[in-house]
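One structure below.
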Amino acid sequence: MAAPRALAVLAAALLLAAASQAGKYSREANEGLAAAGAKRREAGEFRVVRLNQVWEKAQRLQLSAVKLAELHSDLKIQEKDELSWKKLKAEGLDEDGEKEAKLRRNLNVIMTKYGMNGKKDSQLVDTNYIKGGTESDILDDPRLEKLWSKAKSSGKFSDEELDKLWREFKHHKEKIHEYNILLETVSRTEDIHKNVINPEENLVKEEILHNKHRELKEKLRSINQGFERLRKVSHQGYDATSEFEEPRVIDLWDMAKSANFTEKELESFREELKHFEAKIEKHHHYQKQLEISHQKLKHIEGTGDKDHLNRNKEKYTMLEEKTKELGYKVKKHLQDLSSRISQGLQHNEL
């Protein structure tokens, strides 16, 4: 009897030791994975070298937590497009270099948007009017500044509505930035076009210019529609029966109504825009939580409470990753919706 009991005790001891080792190895494996993730981030956040350079520059500029998360989402979209282009180039499908030129243009827009294009005061403000800041000298357009000043002093807007309206003004400024960059690119292409002698190359350049002029026309139409909306809202206040609230969704809906969609397609698009707006609102929620968490983290860093600091760092990291993920999904969805509307507008011109 003693022998079997001794064997049972020995087996239990071995199982306990094995479980202990397994826990140790599991913990070590998790720590190893975390360390590997940290090393990977150190090696490069993105698979494209120049995007890593932009990311590192942004961190040196000490952009806010929300702006960094937004930039990360923009660069993820840019990375996806650049990797797709590399595949096309390898297959010889971008002979005229138009897709490569568009990628450069898109990156230039991103650099301008986050104040990394070497031009002073080109970055849009992080704060809204509620948090303070000199927003009127950031809009770069006397007409916008006049409208914004009138809206603020009109007494027609609650704080929440003014916050929403300020987002619309910032969005409008971004559209003007994008238009000006495209206009500059078209001007350079036209200068090159004048010096082309080869008739075949001439036809290719004419097609490129035609596409760019169409893109310019679409952007200008969107800017004019957006300004008229800002003018109307600034004077009259928000319409309680308004279908959408988010500036990007309002733009898409206005353009969709001008596109070559059937009633059924337009109704389907309206429903998709409602889902898209809900996705944007969720993203805004996480952005606000991330900003609060970032402020709290800076406060705790001054107290010296390491346990409290570590717990809040974990929460901050979780919020940061969720904000990046949602930001990417929103921008990708926006890209897809814009592409569909653009195709509808092109049909109108045929």
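The values are calculated or read from the model by the stated rules, or taken from the named source; none is laboratory data. Everything numeric here is computed off the predicted structure, so don't read it as measured data. Quick reminder, even Gly has a Cβ in these numbers, built from the backbone with ideal geometry, and neighbours come from all protein chains shown. To get the accessible areas, we keep the full protein, side chains included, count just its heavy atoms, and leave off ligands, DNA and RNA. Shrake-Rupley method; radii C 1.70, N 1.55, O 1.52, S 1.80 Å.
Gain on full extension, evaluated as 0.36 nm per residue between Glu228 and Glu271 minus their Cα-Cα distance, stands at 13.0 nm.
Counting charges near Gly237 (Lys, Arg +1; Asp, Glu -1) among other residues having Cβ under 12 Å from its Cβ returns a value of +2. Here each label is just a point 7 Å from Cα along the line to Cβ, and for Arg214 and Arg188 those points are 2.3 nm apart.
Estimated at 0.36 nm per residue, the fully extended path between Lys87 and Thr317 surpasses their Cα-Cα distance by 79.5 nm. Using the Karplus relation 6.51 cos²θ - 1.76 cosθ + 1.60 with θ = phi - 60°, the per-residue 3J(HN,Hα) values for region 261-275 come to 10, 6, 4, 5, 5, 5, 5, 4, 5, 4, 5, 5, 5, 5, 5 Hz, with x marking Gly and Pro. Each of Met318, Met111 has its accessible area taken with a 1.4 Å probe; listed largest first, they run Met318, Met111. For an R0 of 22 angstrom, estimate the FRET efficiency from the Cβ-Cβ distance between Asn310 and Lys80 and round to the nearest 0.05. Calculated transfer efficiency: 0.05.
Can you list, largest first and rounded to whole Å, the semi-axes you get for region 215-261 by taking the square root of 5 times each eigenvalue of its Cα gyration tensor? Working from the Cα gyration tensor, I get semi-axes of 20, 14, 8 Å.
Taking only the alpha carbons of region 220-350, we obtain Rg and Dmax values of 20.0, 67 Å in that order. Straight-line reach from Lys296: which lysines have Cα under 20 Å away, leaving out those fewer than 8 places along the same chain? Correct list for Lys296: Lys67, Lys131, Lys288, Lys306, Lys313, Lys315, Lys322, Lys324.
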